[in-house]
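Shown next, in structure tokens, is the structure this report addresses.
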Ligand code: GLU
């Protein structure tokens, strides 16, 4: 990829997930490194000023907890979980303090694997992120380390950040790490090792490069990054790996400077392929729409309101995938429903202003929000 292509790609990035590795914000001896938080907050604020939406996925809870409790070693899972619980609040407090200097609010979002596997929680999480971003608040995500059991852990924040990028329909995953990018060999051992600027597709040759110890933590670091980049590339989302300890690394990366390693998306532009569609592969019910609702969905900007629904089929809960068909029986759209089948049956044909009186409460005006809907 030539430099101007990188610039063009970065110019089109509106929503970016920035993954911050423990290695760049913590040190064994000092715990959380103040200057790094200040630098990240300043650069995120600049990105926001440029009209971008930023979601941070930050590690560092365990490391901060270990430092706060003056532990020398971490023995066993309960101790690790205790350290995460102690460290997470310190981590967020640090971010809060530094973002405040730029008049930006932050929000803590702790996720577990269950939250994305369960459709209801997946939709809830999506809606929460959308609301936070609309309010101009920076979500700061981590795994809910203190409650999650080992078997169902994301395990590492590379994987988590990939899922978050999918969840929020990001245009880019930017991984800030303590390495410069992907090298052809271990640069500490091989004087001929070269930094790879762009990876078009992650094949066996590329994977073989990750077997050397490329990060302080060893091999796992690069392998999980490649796996995440691969998954996102398939969904049309590029991943950029840059050294987060560089001055203005985040800003320069977003400006399109040729830093780090860019893993290109597999050709499918993000807008054309909604990533979450994978979650709607299974359809649990059918909503029959009148001609007005079909036209409203087809025009590309409207949500599905209860008033346009004429009949409901199937048993489904909030958050599940439903198919929308027009009066001619043809499928027009698919989406994630805000209301279960029983509730839709009661509010169909009604105005959104009547939902509360009918159901006793109203969480949403729309049965399917535009953001959670794909017109076929
Ligand atoms: N969630 C862990 C923490 O905050 C980090 C996991 C990782 O380093 O990938 O300490």
Residue check, residue 8 within 16 Å of the ligand (Cβ to nearest atom), surrounded by fewer than 23 Cβ atoms within 10 Å (Cβ to Cβ), touching a residue at least 24 places away in the same chain (Cβ under 8 Å) and in a helix (DSSP H, G or I): no
Given (1) in contact (Cβ under 8 Å) with a residue 24 or more places away in the chain; (2) surrounded by 19 or more Cβ atoms within 10 Å (Cβ to Cβ); (3) touching a helix residue (DSSP H, G or I) at 6+ places or on another chain (Cβ under 6 Å), number of the condition residue 368 does not satisfy: (3)
Any hit, the stretch 17-38, residues being under 27 Å from residue 229 (Cα atoms), more than 16 Å from the ligand (Cβ to nearest atom) and under 19 Å from the mean Cα position of the chain (by Cα): no
Boolean, residue 287 is more than 15 Å from residue 367 (Cα to Cα), touching a helix residue (DSSP H, G or I) at 6+ places or on another chain (Cβ under 9 Å), surrounded by 17 or more Cβ atoms within 10 Å (Cβ to Cβ) and modelled with pLDDT of 95 or more: no
Only listed residue being under 20 Å from residue 261 (Cα atoms) and assigned to a loop (DSSP other than H, G, I, E, B), chosen from 147, 179: 179
Residue within the stretch 72-79 that is touching a helix residue (DSSP H, G or I) at 6+ places or on another chain (Cβ under 7 Å), touching a residue at least 12 places away in the same chain (Cβ under 8 Å) and more than 12 Å from the ligand (Cβ to nearest atom) present: yes
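Residue by residue, here is whether (1) in a strand (DSSP E or B); (2) at pLDDT below 95; (3) more than 32 Å from the chain's Cα centre (by Cα) holds:
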{"position": "317", "(1), (2), (3)": "no, yes, no"}
{"position": "322", "(1), (2), (3)": "yes, yes, no"}
{"position": "329", "(1), (2), (3)": "no, yes, yes"}
{"position": "333", "(1), (2), (3)": "yes, yes, no"}
{"position": "338", "(1), (2), (3)": "no, yes, no"}
{"position": "345", "(1), (2), (3)": "no, no, yes"}
{"position": "350", "(1), (2), (3)": "no, no, yes"}
{"position": "361", "(1), (2), (3)": "no, yes, no"}
{"position": "371", "(1), (2), (3)": "no, yes, no"}
Restricting the stretch 108-122 to residues that are in contact with a helix residue (DSSP H, G or I) (Cβ under 6 Å, 6 or more places away or on another chain), within 16 Å of the ligand (Cβ to nearest atom) and modelled with pLDDT under 90, the residue that is nearest to residue 61 (Cα to Cα): 113
Test: residue 125 is away from the ligand (no atom under 11 Å from the Cβ), at pLDDT 85 or above and in contact with a strand residue (DSSP E or B) (Cβ under 9 Å, 6 or more places away or on another chain): yes
Residue count, the stretch 45-90 (criterion: at negative phi, in a loop (DSSP other than H, G, I, E, B) and modelled with pLDDT of 95 or more): 2
Meets criteria (at pLDDT 90 or above, buried (at least 24 other Cβ atoms within 10 Å of the Cβ) and more than 15 Å from the ligand (Cβ to nearest atom)) for residue 134: no
Criterion: more than 18 Å from residue 26 (Cα to Cα), crowded, with 19+ Cβ neighbours inside 10 Å, at pLDDT 95 or above and within 16 Å of the ligand (Cβ to nearest atom) - qualifying residue of 228, 239: 239
Qualifying residues in the stretch 169-193 (those that are within 29 Å of residue 110 (Cβ to Cβ) and surrounded by fewer than 24 Cβ atoms within 10 Å (Cβ to Cβ)) - the one nearest to the ligand (Cβ to nearest atom): 178
Filtered residues of the stretch 148-186 (kept if over 18 Å from the mean Cα position of the chain (by Cα) and within 19 Å of residue 233 (Cβ to Cβ)): 181, 182
Number of the condition not met by residue 154 [criteria: (1) touching a helix residue (DSSP H, G or I) at 6+ places or on another chain (Cβ under 7 Å); (2) in a loop (DSSP other than H, G, I, E, B); (3) away from the ligand (no atom under 16 Å from the Cβ)]: (3)
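The values are calculated or read from the model by the stated rules, or taken from the named source; none is laboratory data. Note that the structure is predicted; figures quoted are calculated from it, not measured. Neighbour counts are summed over all protein chains in view; Cβ atoms, including those assigned to glycine, are modelled from backbone coordinates with ideal geometry.
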